[in-house]
Amino acid sequence: MNILITGASGQLSSYLFEEADVRNHDAWGVDIVPPGNASAKDKVEIIDIRDTEKLAKSANGADVIIHTAAQVSVQKSLMDPVFDADINVLGTVSALKAAVDSGVKKFIFISSAAVYGNPVSLPISEMHPVNPLSVYGASKLAAEGYVRMFENTYGLKTIIIRPFNFYSSRADADSPYSGVITKFSECVKNNSPITIDGDGMQTRDFLHAADVSKFIHLAMESDVSGVTFNCGSGKAISINELAEKMISVSSKNIDIVHSQPRTADIKHSVADVRLAEELLDFHTSVTIEEGLKELFTSQ
Ligand code: UD2
């Protein structure tokens, strides 16, 4: 298949390119910044997703668009909701329009588990009520509405994927918005204490970005359309357990300290993964132990 990836310089896209090579697909991408990953350099064109015309030109010849480009920071979404909506809502509408204009048949939208907000039942299935707690969650949810509308109105085949907490050694460690695994691994590398917010009993569903990439390829290659999928491991792990595992795989003596709980932190989150197992035969390949080990062995 011929694939156009938006947000092609991001962490997830570097895995998408690798998986595309393995599966004999031809992938290229667009982003507003060049990729850090040298192997993707000549595959990425600098185009803003809001420039529908340029994007449609780049999508020429593509069978599928994988739309990962987004404003991803929850904090930034609260500080600048207009910018957040501009990228996440209008940017997605622009990418959808570019898909239709260039004759692309399938559109895979990378949404977020943030659309659910505070869960009222666990595990969280795709039928769980959506009630985002952040502007970011709201913009992802609004964009989902457009994705569905383009399927109904323009006949574009679409799939919505809602990843839970994903991580990898390629995450930007310098970003103040990076996730807990990246933060903890930086502490371990610098021999500084790990800070757990609150009592550490809160749980999350972590999966490796390579598994998210595999998931997206399975969805892309399937005949499924008009479906929304959770993308998680289906396993909950507490932040306390995570810190202990991280220290154990690093074989270092690192202290753990507790600070105040984060304001409006979600207590528990875990994906119901049955739909993806059933329709895509998706199962994670990287265990949390393997994923954590990789953080200390990769460059
Ligand atoms: C995730 C997503 C976010 C949004 C949200 C929706 C990531 C990185 N973020 O936020 O984009 O989709 O889900 O619900 O995937 N923690 C510590 N110490 C630290 C850092 C974090 O204890 O140094 C705790 C934090 O209080 C929280 C948990 O670890 O309870 C996970 O935090 P996170 O920022 O990695 O991700 P989360 O689930 O808040």
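Assorted remarks:
- Projected onto planes of every orientation and averaged, the convex hull of the alpha-carbon atoms in region 163-299 covers 8.9 nm².
- Projecting the Cα atoms of Gln260, His283, Ile159 onto the dipole axis of the chain, where Lys and Arg carry +1 and Asp and Glu carry -1 at the beta carbon, places Gln260 farthest toward the positive end.
- Between Ile266 and Asn240, full extension at 0.36 nm per residue minus the direct alpha carbon distance yields a gain of 7.8 nm.
- For region 109-206, the set of chymotrypsin sites (Phe, Trp or Tyr not before Pro) satisfying both a DSSP loop assignment and a count of at most 15 other C-beta atoms within 10 Å is given as Tyr177.
- Lysine pairs with alpha-carbon atoms under 16 Å apart, region 58-161, spacing 8 or more or separate chains: 6
- Rounded to the nearest 500, the helix-only mean residue ellipticity at 222 nm of the chain stands at -11000 deg cm²/dmol, with each DSSP H run of n ≥ 4 adding -39,500 (n - 2.57).
- Relative contact order %, region 230-285, counting alpha carbon pairs below 8 Å whose residues are six or more apart: 62
- A 1.4 Å probe run over the protein chains yields, for region 249-296, 65 Å² of accessible area per residue, whole-number rounding.
- Residue of Met246, Met220, Met127 that the Gaussian network model of the chain assigns the largest fluctuation, springs spanning Cα pairs under 10 Å: Met127
- Rg/Rg_globular for region 1-150, with Rg_globular taken as 2.2 N^0.38 Å and Rg from C-alpha atoms: 1.05
- Here the calculated FRET efficiency for Tyr177 and Lys252, from their Cβ-Cβ distance with R0 = 35 Å, stands at 0.85, rounded to the nearest 0.05.
- Only Lys, Arg (+1) and Asp, Glu (-1) charged, at Cβ; the chain dipole about Cα centre in debye: 220
- Candidate aspartates and glutamates - alpha carbon under 16 Å from Lys43, same-chain residues fewer than 8 apart omitted: Glu18, Glu19, Asp21, Asp26, Asp31
- Annotation note: trypsin sites (Lys or Arg not before Pro) in region 203-265 located in DSSP loop regions with a Cβ neighbour count of at most 10 within 10 Å are Arg262.
- From the C-alpha gyration tensor of the chain, square roots of 5λ in Å: 31, 21, 18
- Inter-centroid distance (Cα atoms) of region 1-42 relative to region 237-299, Å: 25
- Region 128-233 - convex hull of alpha carbons, volume per residue in Å³: 140
- Cα lying deepest toward the dipole's positive end in the chain, options Ala271, Gly145, Trp28, charges on Cβ: Gly145
- Measuring nothing but protein heavy atoms, the accessible surface of region 10-133 at 1.4 Å probe radius is 57 percent carbon and sulfur.
- Val33 paired with Arg148, simple spin-label distance in nm, labels 7 Å along Cα-to-beta-carbon: 3.3
- Computed over region 1-91: relative contact order in percent, which uses C-alpha pairs under 8 Å that are six or more apart: 33
The values are calculated or read from the model by the stated rules, or taken from the named source; none is laboratory data. Every value quoted in this text rests on a predicted model; they were computed, and no experiment measured them. Don't worry about glycine lacking a Cβ; one is built from the backbone with ideal geometry, like all the others, and counts go over all protein chains shown. The area values use the complete protein model at the heavy-atom level, side chains included, leaving out ligands, DNA and RNA. Shrake-Rupley method; radii C 1.70, N 1.55, O 1.52, S 1.80 Å.
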